[in-house]
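Read through the structure below, which is laid out as structure tokens, and then see the notes.
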Amino acid sequence: MADPKVPQADVKAVMDERAGAAVAQKRRAALLRTGGLAAGFLALVLVVNVLAHGNFLEPQNLTNVLRQITLNAILAVGQTFVIITAGIDLSVGSIVGLCGVVMTLVANTLNLGGPGTFIVTLLVGLAVGCAAGYVNALPVVRLGLPPFITTLAMMQIARGLALILAHGQPIPLANSTPFDWLGTGYIFSGIPGFPGISWQVLVMAVVAIVFAILLGRTAFGRYVLALGGNEEAARLAGVDTRRVKTLVYVISGGCAAIGGMLLMARFSSGNPVNGTGAELQCIAAVVVGGTSLMGGRGTIVGTFFGALLIGVLNNVMNLLAIESYTQQIVLGAVILLAVVLDELRKRYLAAR
Amino acid sequence: MTAAAPPPPLLRMTGIVKTFPGVRALDGVSFEVEPGEVHALVGENGAGKSTLMKILAGAQPADSGEIDVDGKRVAIDGPRTAERLGIGMIYQEFNLVPDLGVIENIVLGVEPRRGMFLDKPAAASEAAKVLGELGIALPLDRAARRLSVAEQQLTEIAKCLVRKARLIVMDEPTAALTEREIEALFSLIRKLKAQNVAFVYISHRLEELPRIADRITVLRDGKAIETRAAAQMPQDDVIRLMVGRSLKAHFPDLPPVAPDAPVVLDVRDVSAVSGVRVNDVAFQVHAGEIVGLAGLVGAGRTEIVRAIAGADVPTKGEIRVDGAQVVVRSPRGAIRAGIALITEDRKAQGLVLGMNVRENTTLAHLGLFVRGLFVDKSAETQTTNTEIAELRIRTPSAEQTVRNLSGGNQQKVVLAKWLIGHARVFLFDEPTRGIDVGAKAEIYALMVELLRGGAAIVMVSSELPEVLGMSHRVLVVRGGAIRAEFARGDATPDKVIAVATGVAA
């Protein structure tokens, strides 16, 4: 407590010290949380590994887990930004499908040689995804319509467009060479005993890291959090809330485009039904990762672990030969458990 | 029990203790209320008034201590229990459902039923009966969101009465009321007292206590310092007990405006249409000058400062800062031009409650802390700590979430946010609403400090003494337009009120 009799310089010194202490304490708490989580995770993994006759910890299986979560993790990264502003983006699954089809069509008409085709295709795909995100945001920021509705509409529209453009059928890539490295390639696979890292996983890692920094370290990230916490206060503090809000939907659409690219490269085709149901999967990852649907709170690291947890769970259940209907129930229970635990933790902290 | 024992009080709280992380909010508080009594509970922000009342209302459990109602030990384990015991709570921010009508709000949760269905006629007659007995006229079908503040408050009182409350706790009931509405509220309280309803009355407006309170209890730092009959507790004593030291004159001396002081803020024929319509407002504020905007609630004062700050976009007119025209299309533009708006509702408009002191302090000027691509958190912390020290913000550290600070300290965080930007024009909208005496004095001192630095200040306040005591000039607003201007010496309460109410032009 600042005693009026204490000179200001001393208060400042005390505050500086306390700020350092508070930051250190936060770090310790975060470390403890992450450490605890990791330890629990490890224990679980070991148990599971025994149950699965040692198959889980096979390097091949571990790389599979990472490859399987790439799409969900990338979509969830974009979705995190939207959900922090107390919004929601239901259109990402459809944008994945639409971008895949558009990119396949573009690649099939281009004749630029490998890298040229790749770059132009990627840019067109990103443009389509970001444009869809922009259209999502327009009625939200201009008219104050609920994003649930505008993105639901986009979900239908983008899926329909994808199906029309592809005549309802998957379109094979005429020449998949420019994309094969991204679809099925590995790097660092020359090292003996190391399976290498899939390019798909690497893309996921880069997306996660770039957006984690964007959210955690830049002014834009701070504005996203402030907007989610109290939009009017942010606006009156000079934050261009319309622009920030628009950008989060553009980011989400852009992430969906990257997801569409990865699927197209992996399967050497653009399938208009790609990404069906992906919107709910990625929302689950975001929520399991501790981002509040009420807005104002969330991290990319949390989201990544949310996607990882869901991926590991899926993989483990497959290894244990649990039938897919039961898997759905388990996943539902895990989502519920995650948010209940988070709420209990918050209440515990508030009551202490 | 002997026959000679006096009847037990309606409420007796004994040795109540409540601890929050790092703070002992209540340190063995004992507090009594007699039937039909108005018992005022006063203290600085953070003294423990709200916590004590939340425990009484069942919103929070006490760590230890006892509560007796009518001499019988009770365990208040939730709001329903409190309600059953006849305890009604009216928070400063009302708890009405905005889209429900007055009747539905009054009977919410205790709706009369016929079989499975709601009995609307019975609800209407029940509400009408309660209101009728007290001689209150309310538009029964109107949605709560369209009621005035005073009407909402009456609805809250009726809600308590339908639940047969014998003790009603009111938190800052007059903060947003006009003088006439306050008088109406007081006569209603007196009527209910006659029916043996007791009140716990929490207020920062000490001057109104002699008019309404029977007894006054002063809380300080989580302890009940003293309880006395209101008649034996002059205002100076209350203040001394509250702050633990004697506080001299409420308002500091304003430094005179230099005769050659340049015009800093020049508002020319500004109009705006959101909320109360603002019509052709024109005035100037010089360097080192405070211009007070007086008027009734709803006169358009807030709308005027919002238009200047770009919070609402003006439809017409021109705003100049230091002679340069300002394009006010958004708060962003106004901030760039050196205009800071300290809004009246800090929770809804001033702060991001879930963020910490540092993040709130730097929000409006985050650009100052960006190095390369990234926000430099240690620079933020440095600046924030300087503000914490200068404004005496009581917080464990810059990393504390502002939600956990008391009202006065939250208001100081809002001020810190605007101080770091070196604005030229400060628009204060109800800067001391709901804030304790000590913090008020600090905010006044800060305004004087800003004047010395050559800033121009516009202050909107519903507290007439504040406007008169803290302004070089007073502009009286009615119907979204400036109706009169008084120099400091000429502004008297009756002249200002006459213009504000439309008695005088």
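Overview of values
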{"read-out": "Rg/Rg_ref, segment B:349-422, where Rg_ref = 2.2 N^0.38 Å and atoms are Cα", "value": "1.00"}
{"read-out": "Cα lying deepest toward the dipole's positive end in the protein assembly as shown, options A:Gly277, B:Gly338, B:Ala307, charges on Cβ", "value": "A:Gly277"}
{"read-out": "Helix-derived mean residue ellipticity, 222 nm - over chain B, DSSP H n ≥ 4, -39500 (n - 2.57), to 500", "value": "-9000 deg cm²/dmol"}
{"read-out": "B:Glu34 paired with A:Phe41, simple spin-label distance in nm, labels 7 Å along Cα-to-beta-carbon", "value": "6.6"}
{"read-out": "Computed lengthening from A:Val120 to A:Leu280, 0.36 nm per intervening residue step minus Cα-Cα distance", "value": "54.6 nm"}
{"read-out": "Kirkwood-type radius of segment B:11-243, with distances r between different C-alpha atoms, in Å", "value": "18.4"}
{"read-out": "Choice from A:Thr184, A:Thr85, A:Thr109 with maximal GNM fluctuation in chain A (Cα, 10 Å cutoff)", "value": "A:Thr109"}
{"read-out": "Of A:Lys346/B:Lys223; B:Lys316/B:Lys377; B:Lys72/B:Lys347; B:Lys49/B:Lys164; B:Lys49/B:Lys191; B:Lys159/B:Lys417, those spanning more than 32 Å from alpha-carbon to alpha-carbon", "value": "B:Lys316/B:Lys377; B:Lys72/B:Lys347; B:Lys159/B:Lys417"}
{"read-out": "Linear extension gain, B:Phe186 paired with B:Arg113, 0.36 nm per residue minus alpha-carbon span", "value": "22.9 nm"}
{"read-out": "Radius of gyration, Dmax [segment A:37-168; alpha carbons; angstrom]", "value": "19.6, 57"}
{"read-out": "Dipole magnitude of segment A:125-276, debye to nearest 20 (Cβ charges: Lys/Arg +1, Asp/Glu -1, about Cα centre)", "value": "280"}
{"read-out": "Binned Cα-Cα distance frequencies in segment B:94-187 - 10 Å width, integer %", "value": "16, 50, 29, 5, 1"}
{"read-out": "Percent of alpha-carbon pairs separated by more than 53 Å within the protein assembly as shown", "value": "25"}
{"read-out": "Prolate/oblate/rounded label for chain A (Cα gyration tensor, a/c 1.5)", "value": "oblate"}
{"read-out": "Gyration tensor (alpha-carbon) shape descriptor, segment B:309-438, a/c threshold 1.5", "value": "oblate"}
{"read-out": "Inter-site label distance for A:Arg347 and A:Leu293 at 7 Å from Cα along Cβ, in nm", "value": "1.7"}
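Quick note: the coordinates plus some simple rules give every number you see, no bench work behind them. All figures in this text were calculated on a predicted structure; none of them were measured in a lab. As a convention, Cβ positions derive from the backbone with ideal geometry for all residues, glycine included, and neighbour counts pool all protein chains shown.
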